Amino acid sequence: MEEIKRLNRELVYKGHIIDMYKDTVKIPNGNIAEWDFIGHKGAAAVLPVLKNGNVLMVRQYRNALDRYTLEIPAGGLESPDEPMIDCAARELEEETGYKSDNLEMLLSLHTTVAFCNEKIEVFLARDLVKTSQHLDEDEYIDVEEHSIEELLEAVYSGKIEDSKTVSAILAYYSKYCK
């Protein structure tokens, strides 16, 4: 494979969650192209499984879609060097009001490889202990309990479309429920 060379990266917008850049690149045929690039600090997510086998999910409004979605709990790293497992544990308790000392890696994914470097590590949480939600000022989240069968149906019917959530449900089912 021939090399693609980045000639320039220009910051176009610096945001709270993302930074947007215009990259100028030289492609193998010699042409110069401009590509959009979204820089993201990374995130962690968690699939919380109760003793009865049901999964805790969060329902929240997503501005980009202008609707409520059903997802696994997740959130951005507080700093680039924060361990992903610490972020997952924090988001689990903040969003669901449960904590766990039993988190294990389930999968790692890049959400949108065409233009964004966002990486999310997804953890499985078991042995959940009830505490209380600690939502951010701009969050409103309902916590729901669903069976894995209900979640699979929601994935295959298109009711759940969030990539981290779809991936987590399918990975968990494939690894632990078959």
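Each value in this text was obtained by applying a stated rule to the coordinates, not by laboratory testing. The structure presented is a predicted model; accordingly, all values stated were derived computationally and were not measured. Counting neighbours? That spans all protein chains shown, and the Cβs are built from the backbone with ideal geometry, glycine included.
Which one of T112, L65, I32 has its Cα pushed farthest toward the positive end of the charge dipole of the chain, where Lys and Arg give +1 and Asp and Glu give -1 at the Cβ?
I32
Can you list residues from other chains, or at least 5 along the same chain, whose modelled amide H is less than 5 Å from the amide H of I160?
V155
Over the chain, what lengths in whole Å, largest first, do the semi-axes of the equivalent ellipsoid take, defined as the square roots of 5 times the eigenvalues of the alpha-carbon gyration tensor?
Numbers: eigenvalues 224, 66, 48 Å².
Equivalent ellipsoid of the chain: 33, 18, 15 Å, largest first.
Round to the nearest 0.05 the FRET efficiency obtained for N8 and T111 when R0 = 30 Å and r is the Cβ-Cβ distance.
On the way: r = 25 Å, r/R0 = 0.84.
Given R0 = 30 Å and the Cβ-Cβ separation, E is 0.75.
Taking the Cα centre of the range 51-95 as origin and charging only Cβ (+1 Lys, Arg; -1 Asp, Glu), how large is the dipole, in debye to the nearest 20?
On the way: 5 positive and 10 negative charges, 83 e Å.
Its charge dipole is roughly 400 debye.
Taking 8 Å as the Cα distance limit and 6 or more residues as the minimum spacing, I'd like the relative contact order of the range 33-86 as a percentage. Walk me through the numbers before you get to the answer.
Values: 60 pairs, mean separation 20.4, N = 54.
Answer for the range 33-86 is 38 percent.
Please check: in the Gaussian network model of the chain (C-alpha springs, under 10 Å), which one of V113, V25, V46 has the largest mean-square fluctuation.
The residue that fluctuates most here is V25.
Test of understanding: ordering F37, F123, F115 by Cβ neighbours within 10 Å, fewest first, what list do you get?
Numbers: F37 18, F123 25, F115 12.
So the ranking, lowest neighbour count to highest, is F115, F37, F123.
Determine the distance separating the Cα centre of the range 51-102 from the Cα centre of the range 125-178; give it in Å without decimals.
9 Å
About the Cα centre of the range 13-87, how large is the charge dipole given +1 on each Lys and Arg Cβ and -1 on each Asp and Glu Cβ? Please answer in debye to the nearest 20.
Numbers: 8 positive and 10 negative charges, 60 e Å.
Roughly 280 debye, rounded to the nearest 20.
Given springs between every Cα pair under 10 Å in a Gaussian network model of the chain, which of K119, K159, K41 has the largest fluctuation?
Fluctuation is largest for K159.
Compute the label zone of R126 within the range 48-79: residues whose backbone N is under 14 Å from the point 7 Å along Cα-to-Cβ.
48-55
Do any GluC sites (Glu not before Pro) in the range 71-135 lie in a DSSP loop with no more than 11 other beta carbon atoms within 10 Å, and if so, which?
Working: sites: E71, E78, E91, E93, E94, E95, E104, E118, E121; in loops: E78, E118.
Filter output for the range 71-135: E78.
Can you put H146, H16 in order of Cβ neighbours within 10 angstrom, beginning with the fewest?
H16, H146
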